Each structure stands twice: as structure tokens, then as C-alpha cells.
Amino acid sequence: MKRLVRMGWRRGALVLAVAVLLALIVIATQSEKEIALVIGEPWDDMRQRSSATIEPVIPGTFWGRLPQAGARLRFIDLQYGFVTPVARYFSVTFTKDGLVKNVRMSPQIEPLLLDDTLKVVLDLQEQWRQGGWSVTRPDFPAFADTPQWRAQLQNVRRGGKTYWHAGEQYQIRLGVRRFKDDRHPTQERYLITLGLARPWVKP
């Protein structure tokens, strides 16, 4: 009888621990702020839809704004949409007419180790492939987890970049380079940059 009681108590404690863990995961996910936008839409539509706070436009001015805290990008085009990790640097530009013009961001909270960098980059590229995006130029191929790409990214003077097209509607420039992080002076850290706008480089 005592053994059964102990087993029941342990099982109950395990169920409770799992429930608490799941609750923490849900809370953490819900607490992640996001900017949800479409290129060319009215700025106020983006502000109302987004859970992250971003300031209004300055009428008659071409300028940009940053979310007031770390946020991820949710690009909500029905076909070409995708989601980035949370970013600390995240800039959205508006036109003189108050429309969303482009996005520049680094989809990470801090410079990452190479393995983590490739994980982010390859996940983004897979989202684009599934959404119908394609590589714009063969001389700037997609990133891949290969010895050649790793050696290129580890070269401080080289880094890498690639361009992706969504039909004739949107274009992305994705770049990766070594970054000296004073908080981790003995580690190789990397910075990812992402630019999203109407096409500016012909396929």
C-alpha cells in the first residue's frame, strides 16, 4: 500500500511539473511581441495589427521607426508570408504618404555562434522556399550548412549574402558576417542582417 501511495505521489508530481513547464512555454510564447505588416500598406494598419508598440508616422516625411522593445517580424502576405526570430534591431521605414516602405533588421537578440546562426538562416530560407520565393541571382546562392559556406563565413573579410524574390512583388537581402562581441571575446560570433522591400535588383 505504501509503495502504491509513493508511486501515485511521484506520478502526480511529474504531471504537475509537466503542466507547469507547458504553462511557462505558453506564457513565454505569448509574451513575444511582433510587428505584423505588409509592404505598401498604411502605417496605422500595421500599428493596430501588431502586438509590439511602434510610433506613428511623421506626416509628409520619409523616415523610419523602431519597435519600443524586441520583436519578431510577421510578414503576413497570404502567399509569401514568413516569421523571423525576435530581433533587438528592427527598423521599419515609411513613405511621405504614410505607407510601409521597407524593413531592415537583425533577426536575433545578440550575435550568435555559427551553428545557431546557420539554424536561423536555414529556417528562414526554408520558409521562403515553401512560400514560393526563389533565389534572385546565381552568383549569390542560398546559404547552406557545408564546409565551404562555413569557411567563407569564418573569413572576417568575406561573410556571405543572398537575394530572394517573391515573384515581382518583394525582394529580400539576407547577409551574415563575423562580428566582434566584447561580451564573448574568445568566441566566433555572427550577425545576421535582413532587408525586405519591393524589388530593387532584377532577377
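General remarks:
- Subset of segment 105-159 (residues that are under 15 Å from residue 83 (Cβ atoms) and either in contact with a Cys (Cβ under 8 Å, 6 or more places away or on another chain) or not in a helix (DSSP H, G or I) (or both)): 105, 107, 108, 133
- Of all residues in segment 144-180, exactly one satisfies the criterion of being of a type in the set (Gly, Ala, Ser) and modelled with pLDDT under 95, namely 167.
- In segment 51-102, residue farthest from residue 128 (Cα to Cα) [restricted to those that are crowded, with 16+ Cβ neighbours inside 10 Å and among the basic types (Lys, Arg)]: 65
- Scoring residue 192 on the criteria (1) over 13 Å from the mean Cα position of the chain (by Cα); (2) at pLDDT 95 or above; (3) surrounded by 13 or more Cβ atoms within 10 Å (Cβ to Cβ) leaves a single failure, condition (1).
- Condition met for residue 183 (loosely packed, with under 13 Cβ neighbours inside 10 Å, farther than 16 Å from residue 107 by Cα and modelled with pLDDT of 90 or more): no
- Residues in segment 50-102 that are among the hydroxyl-bearing types (Ser, Thr, Tyr), outside any strand (DSSP E or B) and more than 18 Å from residue 164 (Cβ to Cβ): 50, 51, 53, 61, 95.
- Test for residue 135: is it at pLDDT 95 or above, more than 16 Å from the chain's Cα centre (by Cα) and either more than 21 Å from residue 40 (Cβ to Cβ) or of a type in the set (S, T, N, Q) (or both): yes
The values are calculated or read from the model by the stated rules, or taken from the named source; none is laboratory data. Since the structure is predicted, the reported quantities are computational estimates derived from the model, not experimental observations. FYI the Cβ positions are ideal-geometry reconstructions off the backbone, even for glycines, and counts take in every protein chain you see.
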